[in-house]
Amino acid sequence: MGALINPQDVAHGLYEDNPLAGLIEGFCVAPAGGELESRPVVHVELRPGVRLSAVEADRLALACQQGVLRRLAAGCRDFLPSPADCPAAHEVAITLHGYGTGPFARKS
């Protein structure tokens, strides 16, 4: 992607002005894609006991994505010029996970 994605920017993007932020337990950022092209994926862990319908999950994922993109555009000098080089540069995927699942699975 070319832009440095700072965890603090992601955190601010997920939580600031997000009316659904109370559903979020935590997050991690990981690359996804092939060898020559990768995009950031923000994995969002839901709080214990949170169950979302498909509509609610879509709403939360969209709010998180918009917040992260807004924060990166405001705080990352590398992020703004990148669409001129590659239109897909502003793709940040959000993947929701139940508590303790996916990359947040607890090892026993």
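In table form, for the structure just shown:
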item: Selection from the stretch 16-60 of residues that are open to solvent by 20 Å² or more (accessible area, probe 1.4 Å) and in a helix (DSSP H, G or I); result: Gly22, Leu23, Ala54, Val55, Glu56, Ala57, Asp58, Arg59
item: Scan of the stretch 24-50 for residues that are free of Cβ contacts under 8 Å to residues at least 40 places away in the same chain, within 19 Å of Arg106 (Cα to Cα) and out of contact with any Asp or Glu (no Cβ under 8 Å at 6 or more places or on another chain), ordered by number; result: Val29
item: Subset of the stretch 80-108 that is at pLDDT below 65 and assigned to a loop (DSSP other than H, G, I, E, B) - its residue that is surrounded by the most Cβ atoms within 10 Å (Cβ to Cβ); result: Leu80
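The values are calculated or read from the model by the stated rules, or taken from the named source; none is laboratory data. Quick caveat: nothing in here was measured; it's all calculated off a predicted structure. FYI the Cβ positions are ideal-geometry reconstructions off the backbone, even for glycines, and counts take in every protein chain you see. The accessibility values were calculated without ligands, DNA or RNA, using every heavy atom of the protein model including side chains. Shrake-Rupley method; radii C 1.70, N 1.55, O 1.52, S 1.80 Å.
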